[in-house]
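What follows draws every value from the coordinates through simple rules; no lab data is involved. Being a predicted model, the structure only gives us computed values, none of them experimental. Here the Cβ is made from the backbone with ideal geometry for all residues, glycine too, and neighbour counts use every protein chain on show.
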There are 2 protein chains.
Amino acid sequence: MFKALAHPARRQIMALLKSGPKTSGELAEAFDSAWPTISRHLSVLKEADLITAERDGTSILYRANASVLEEAAAALMGLMNTDNGDDDLKEAAE
Amino acid sequence: MFKALAHPARRQIMALLKSGPKTSGELAEAFDSAWPTISRHLSVLKEADLITAERDGTSILYRANASVLEEAAAALMGLMNTDNGDDDLKEAAE
DNA sequence: ACTTATATTAGCAGTATTGCTAATTAGCGA
DNA sequence: TCGCTAATTAGCAATACTGCTAATATAAGT
């Protein structure tokens, strides 16, 4: 999932999708790359569950999956915790 | 920076470092990979400013750079938050 | 059925990443 | 200085990623 976000174009796709669902074509227009290249990025993001695809006539609508992004952010937060093991629970005696 | 966190071993290094500074040797011990391999991962993390290195006699102490992790987490949050996340809520009227 | 619009898959080169062993640097103590 | 420990750098093969063009699906209209 971090790997899926490792590419700038894919982060930019996520950024574009946060303002609402978009079709593959709309997304491809936003980039200099060829359409199949964007299509591949989309499939990587879909593989990582960061986006979902839904057919709408001849188009395919993509939308961001907020919960997985939340997971990623939480994972990063987890990496920041200073001097504490892997416990979410504060079960310190007092 | 996302790229630096894209590799599992590098995320694990960050996880190990969150409980305090460690030497290259201590980190290398925690993995199956050869020492130079870990050393390279460390240099990637250092390049991304995710860790800092400090010489301590013959050893080198590595520690996590919390502020950059915060930045990353904030960036992810940024990918989630907009006043517009319309899956199908069109009630932005009032 | 045929054509058009939308999008993905296949195949291919160029590049980057990974992980290894061998060689090298840096500090410390005798 | 020499030897020893700690760690990085160099060089190499294998693998993965990226982005292109060409070929292939899929849905809708005529």
Of all residues in segment B:9-40, how many are within 13 Å of DNA strand C (Cβ to nearest atom) and within 14 Å of chain A (Cβ to nearest Cβ)? 5
Selection from segment B:41-59 of residues that are more than 14 Å from chain A (Cβ to nearest Cβ) and within 19 Å of residue A:4 (Cβ to Cβ): none
Within 11 Å of DNA strand C (Cβ to nearest atom) and under 15 Å from the mean Cα position of the chain (by Cα): is that true of residue B:43 in this structure? yes
